[in-house]
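The values are calculated or read from the model by the stated rules, or taken from the named source; none is laboratory data. Predicted model only: the values in this text are computed from it and were never measured. A quick note on method: Cβ atoms are made from the backbone with ideal geometry, for glycine too, and the neighbour counts reach across all protein chains shown. Please note that ligands, DNA and RNA were not included when accessible areas were found on the heavy atoms of the full protein model with its side chains. Shrake-Rupley method; radii C 1.70, N 1.55, O 1.52, S 1.80 Å.
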Amino acid sequence: MKVLLVEDDPQVASFIRKGFEHEGYELMVAYDGRSGWSLYQQQPYDMVILDVNLPYLNGVELCRLLRGGRERVPILLLTALDSLADKEAGFAAGADDYLVKPFAFRELLLRVRALTKRYAETSTPQRLCLADLELNLDSKIVTRAGQRIDLTSREYSLLEHLLLNQDRIVSRVDIAERVWEVDFDTSTNIIDVYIGYLRKKIDRDFTPKLIHTVVGMGYVMRAE
């Protein structure tokens, strides 16, 4: 599971990083709000943990930005501010939970597990849509402009992953891990080949084009 931590205190960030890595989580750390927003846009995360008092862009403002996107991700705020007004501001911005410093790592871990479980149980839609493209998660049927598109199982998994992260850049490494479930081999072009297969089936005869290459970073699905 990938967790994004935005925390400006290096000691606190190191404490949290060691705890999560010991539990088998993959943790990315940003030390200010702007860097956190940039990291969030580069790849999908399963959980976001935000300190409130951050440089450049505070945690409440960053939380509001995250909630402005289409995707849903659990967000937990960390802060030394424990007044009711502070908590109201955090929840109003879209936070799911609020943990006051200092805290035991075990409590943070339990809250993260509870939030991710809740989202896993409630957040999966029955259909994924972009422009006139529709993927039905129950029937596994894909259509564009009402026309059925036949995909192989790998093409379907790749398209589903891209649609779940539409409007966000998905790297080749992330695709390899999430769709192929293997470590990325930089010597192979298999991902580019399958992207080409998808483009022929869902983009070649339709407009607008939905699969876009971001040079040096990966791919993004968006209607342009």
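Some notes on this structure:
- Test: residue in the range 124-145 that is closer than 22 Å to Lys2 by Cβ and open to solvent by 70 Å² or more (accessible area, probe 1.4 Å): yes
- Applying the condition of being touching a Gly at 6+ places or on another chain (Cβ under 9 Å) and either of a type in the set (Asp, Glu) or assigned to a strand (DSSP E or B) (or both) to the range 141-173 and asking which residue is farthest from Ile191 (Cα to Cα) yields Asp167.
- Here Gln41 meets each of (1) touching a strand residue (DSSP E or B) at 6+ places or on another chain (Cβ under 7 Å); (2) closer than 29 Å to His161 by Cα with one exception, condition (1).
- Filter result for Val179 (more than 21 Å from Leu66 (Cα to Cα), of a type outside the set (Asp, Glu), surrounded by 15 or more Cβ atoms within 10 Å (Cβ to Cβ) and in contact with a His (Cβ under 8 Å, 6 or more places away or on another chain)): yes
- Residue within the range 174-184 that is within 22 Å of Val73 (Cβ to Cβ), touching a residue at least 24 places away in the same chain (Cβ under 8 Å) and part of a loop (DSSP other than H, G, I, E, B) present: no
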